[in-house]
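Peer 1: I'd like to ask some things about the structure below.
The values are calculated or read from the model by the stated rules, or taken from the named source; none is laboratory data. Given the structure is predicted, the values throughout are model-derived calculations rather than measurements. Please note: Cβ atoms are built from the backbone with ideal geometry, for glycine as well, and neighbour counts cover all protein chains shown. To get the accessible areas, we keep the full protein, side chains included, count just its heavy atoms, and leave off ligands, DNA and RNA. Shrake-Rupley method; radii C 1.70, N 1.55, O 1.52, S 1.80 Å.
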Amino acid sequence: MKRYTIEQFMATISIAGASFSADEKRILFSSNASGIFNAYTLPVEGGKPEPLTRSASDSTFSVSFFPHDDRVLFTRDQGGDENYHLFLLAPDGSEKDLTPGHGLKAQFMGWRPDGSAFFVSSNERDPRFFDLYRYDAATYARVLIYRNEEGFDLGPISRDERWIALNRANTTSDSDIYLFDAARQQVKHLTPHEGAISLQAETFDPVSQKLFFLTNEGSEFKRLCTYDLTTGVVRDHESADWNVISTYFSRNGRFRVTAINQDGSVVVRIVEIMAGEGTEEVEKPLALPALPEGEIRGVVFSQSGARMAFYVNGDRSPDNLFVHDFNTGQFQQLTQSLSKEIDPLDLVEAQVVRFRSFDGMIIPSIYYKPHEASAANKVPAIIYVHGGPGGQTMRGYNAQIQYLANHGYAVLGINNRGSSGYGKTFFTAANRKHGREPLWDCIEAKTFLASLGYIDHERIGIMGASYGGYMTLSALAFRPEAFKVGVDIFGVSNWLRTLASIPLYWESVRKAIYDEIGDPVNDIDILVATSPLFHAREIRKPLMVIQGANDPRVVKAESDEIVEAVKKNNVPVEYIVFPDEGHSFTKKKNQIEANRRILEFLDKYLKGNDVAKDGE
């Protein structure tokens with residue numbers, strides 16, 4: 001097995017998004033081939049990607065071709081500040097900001113079916129709330145079609161533009177759906193209920209007669225239901241033994257795509273909608289072509305429905321773009337994202353593992369075992385904690401994890417209690433318990449790793465980003481004996497400040513966040529007790545902290561202060577700040593620097609004398 005440098009890993013190209021051109025001969029997508037995300041096109045028959053944008057400073061993400069010509073919509077923020085604006089790219093290469101202004105955030109919300117207009121949300125009127133505008137596709141003149149003064153999250157728009165679905169999070173596990181009737185200018189509450197039920201509007205059917213929505217009422221997992229807009233009748237429509245996570249229709253209404261979160265993997269179902277008896281429609285499962293190893297994701301149809309673009313992603317294979325032609329039955333792989341210098345056989349196939357925690361709760365995890373690990377060659381390990389709090393480590397290509405596994409670290413992507421994807425009881429088991437029970441799951445993970453027989457239980461570290469960074473700091477502060485090192489990537493150190501400084505446009509979920517973690521006014525004692533900054537004197541193990549200077553979610557002061565406090569303990573601390581990043585690192589040069597430094601830090605403090613050099 002060969003070891004690869006971080007430069008070789010980062011020579012892999014990340015790609016995302018797909019939109020067919022009006023003539024259905026090209027696909028628009030985003031790629032970081034230049035070192036930073038830009039918009040590109042590719043012929044559906046295959047060929048070389050052609051850059052449409054050439055930003056060297058700010059990440060640029062493609063949104064959509066215009067339905068009838070070669071104009072393009074894309075989105076861009078500044079230095080990772082997440083204040084995305086929507087831009088027009090003309091065929092001559094000129095760019096126009098369609099959402100000008102300072103400090104606002106805008107998002108594309110879809111096309112009118114005939115392509116004559118498109119919808120955009122923006123918080124320019126009130127920084128807390130997103131209003132909905134309709135833009136004329138020819139003149140870019142816009143009309144306010146929904147003024148959001150009640151703090152709803154904007155949902156789907158019916159194709160006849162009569163209805164706008166609105167979502168409201170009461171808590172992280174309890175939500176509601178409202179319906180705005182544009183004809184009557186009225187909002188109706190569709191889902192009055194008692195108890196904690198998760199409800200979310202997904203899409204309207206193509207003829208604007210039904211709203212498709214997700215609910216976990218009466219069950220652990222979310223299923224798909226329909227609400228008849230005329231009669232108000234609700235019916236179950238589609239379910240699985242796991243959470244249904246999304247559904248949407250193709251533009252021509254012929255296909256419907258559903259995604260299911262199945263034990264840490266995304267499973268896609270596609271149905272073709274056929275005429276049945278009378279007015280009834282029949283959904284016929286679409287047979288998908290036999291594909292390379294991995295999961296189908298991001299399915300998009302051309303306007304005519306003749307072609308389908310999608311991604312395939314596997315543990316050892318990053319996203320690659322494919323096109324399927326329904327007329328010929330053929331499919332074609334358009335990209336080769338993995339670095340040519342990396343042999344996929346040298347990478348690690350993930351395993352889904354489970355262990356029993358301190359109170360008997362079963363904790364599901366995604367596990368990566370290095371090839372060289374054996375009873376005779378015990379390896380160090382990393383507990384890898386996801387963001388959220390309610391996130392989930394899932395299967396699929398993860399360059400950071402593969403880099404660590406390639407250099408001899410076992411990595412356990414723990415889905416501690418409070419993670420998504422495993423039912424509502426598991427999801428709510430961490431509420432008001434952060435810094436305690438979810439952390440104790442991470443402590444129990446050490447026992448599980450030690451039981452495997454090829455892990456050096458004296459050399460186990462913990463790392464994570466965002467909430468995972470908080471968990472790392474919590475582990476070092478609240479259970480200082482447990483882990484040998486910690487790597488905190490833009491993690492919360494002081495809940496009081498983070499909860500008081502969350503972006504204004506999070507107003508719609510502020511109450512839910514406070515309900516889960518604590519209220520910065522009424523729950524000061526709880527938040528001080530669970531904030532690592534106030535317990536930094538307990539941190540005795542080497543710590544690495546990595547932060548984006550423009551992070552709007554976990555502000556730089558969170559990292560500055562924990563670093564300063566831990567240094568007073570004469571504990572080794574390494575601190576890296578990227579001046580041009582926010583709450584994720586989208587630029588290759590920074591990803592290379594961060595991951596190289598992480599490995600050097602782990603090799604120094606976790607492997608010690610057992611350091612293996614790149615390129616062996």
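Peer 1: Could you say which residue among ALA450, ALA430 is among the aliphatic types (A, V, I, L, M), more than 30 Å from PRO318 (Cβ to Cβ) and out of contact with any Pro (no Cβ under 7 Å at 6 or more places or on another chain)? Spell out how you get there, then give the answer.
Peer 2: On the way: ALA430 fails: out of contact with any Pro (no Cβ under 7 Å at 6 or more places or on another chain).
None of the other options fit; the residue is ALA450.
Peer 1: Does ALA450 meet the test of being among the small types (Gly, Ala, Ser), over 30 Å from LEU199 (Cβ atoms) and surrounded by fewer than 19 Cβ atoms within 10 Å (Cβ to Cβ)? Before you say what the answer is, go through the steps one by one.
Peer 2: Details: among the small types (Gly, Ala, Ser): yes; over 30 Å from LEU199 (Cβ atoms): yes; surrounded by fewer than 19 Cβ atoms within 10 Å (Cβ to Cβ): yes.
Yes: the conditions hold for ALA450.
One line per residue, one yes/no per condition, for (1) at pLDDT below 95; (2) closer than 20 Å to GLU7 by Cα; (3) touching a Lys or Arg at 6+ places or on another chain (Cβ under 9 Å); (4) buried (at least 20 other Cβ atoms within 10 Å of the Cβ):
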site: VAL545; (1), (2), (3), (4): no, no, no, yes
site: GLY548; (1), (2), (3), (4): no, no, yes, yes
site: PRO579; (1), (2), (3), (4): no, no, no, no
site: GLY608; (1), (2), (3), (4): yes, no, yes, no
site: LYS613; (1), (2), (3), (4): yes, yes, yes, no
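Peer 1: Among the numbered criteria (1) under 16 Å from ARG497 (Cβ atoms); (2) open to solvent by less than 30 Å² (accessible area, probe 1.4 Å), which single criterion is violated by VAL528?
Peer 2: Checking VAL528 against (1) under 16 Å from ARG497 (Cβ atoms); (2) open to solvent by less than 30 Å² (accessible area, probe 1.4 Å), the one that fails is (2).
Peer 1: Same structure, new question: When region 235-280 is examined, which residues are found to be over 30 Å from the mean Cα position of the chain (by Cα) and in a strand (DSSP E or B)?
Peer 2: The first filter runs over region 235-280 and keeps only residues over 30 Å from the mean Cα position of the chain (by Cα), leaving 274-280.
Residues satisfying the conditions are MET274, ALA275.
Peer 1: Can I ask one more? Could you list all residues from region 581-605 that are in a helix (DSSP H, G or I), closer than 14 Å to SER59 by Cα and open to solvent by 30 Å² or more (accessible area, probe 1.4 Å)? Explain how you work it out, then say what you get.
Peer 2: To start, the set of residues in region 581-605 that are in a helix (DSSP H, G or I) comprises 588-605.
If we keep only those that are closer than 14 Å to SER59 by Cα as well, we get 588-591.
Residues satisfying the conditions are LYS589, GLN591.
Peer 1: Turning to a different aspect of this structure: Can you tell me which residue in region 52-74 is farthest from ASP136 (Cα to Cα), limited to those that are among the polar types (S, T, N, Q), surrounded by fewer than 20 Cβ atoms within 10 Å (Cβ to Cβ) and without any contact (Cβ under 8 Å) to a residue 60 or more places away in the chain?
Peer 2: Step one: of region 52-74, the residues among the polar types (S, T, N, Q) are 53, 55, 57, 59-60, 62, 64.
From the residues that got through so far, the ones that are surrounded by fewer than 20 Cβ atoms within 10 Å (Cβ to Cβ) too are 55, 57, 64.
Keeping just the survivors that are without any contact (Cβ under 8 Å) to a residue 60 or more places away in the chain gives 55, 64.
Values: SER55: 27, SER64: 15 Å.
Once the filter is applied, the top-ranked residue is SER55.
Peer 1: Tally up the residues in region 183-234 that are open to solvent by 50 Å² or more (accessible area, probe 1.4 Å), among the small types (Gly, Ala, Ser) and out of contact with any Asp or Glu (no Cβ under 6 Å at 6 or more places or on another chain), please.
Peer 2: 3
Peer 1: Turning to a different aspect of this structure: Report, ordered by the first and then the second residue, all pairs with beta carbons closer than 7 Å, sequence separation of six or more or different chains, a first member in region 175-204 that is of a type in the set (Lys, Arg), and a second member that is open to solvent by 20 Å² or more (accessible area, probe 1.4 Å).
Peer 2: Listed pairs, sorted by first residue: LYS188/TYR178.
Peer 1: Name, by its number, the condition in (1) over 25 Å from the mean Cα position of the chain (by Cα); (2) crowded, with 19+ Cβ neighbours inside 10 Å that does not hold for GLN332.
Peer 2: (2)
Peer 1: Can you tell me which residue within region 85-141, out of those that are of a type in the set (Lys, Arg) and over 26 Å from the mean Cα position of the chain (by Cα), is most open to solvent (accessible area, probe 1.4 Å)? Walk me through how you get there before you give the answer.
Peer 2: Start the filter on region 85-141 by keeping residues that are of a type in the set (Lys, Arg), which leaves 96, 105, 112, 125, 128, 134.
This time we only want the ones that are over 26 Å from the mean Cα position of the chain (by Cα), so: 96, 112, 125, 134.
On the way: LYS96: 99, ARG112: 62, ARG125: 82, ARG134: 62 Å².
Per the criteria, the residue is LYS96.
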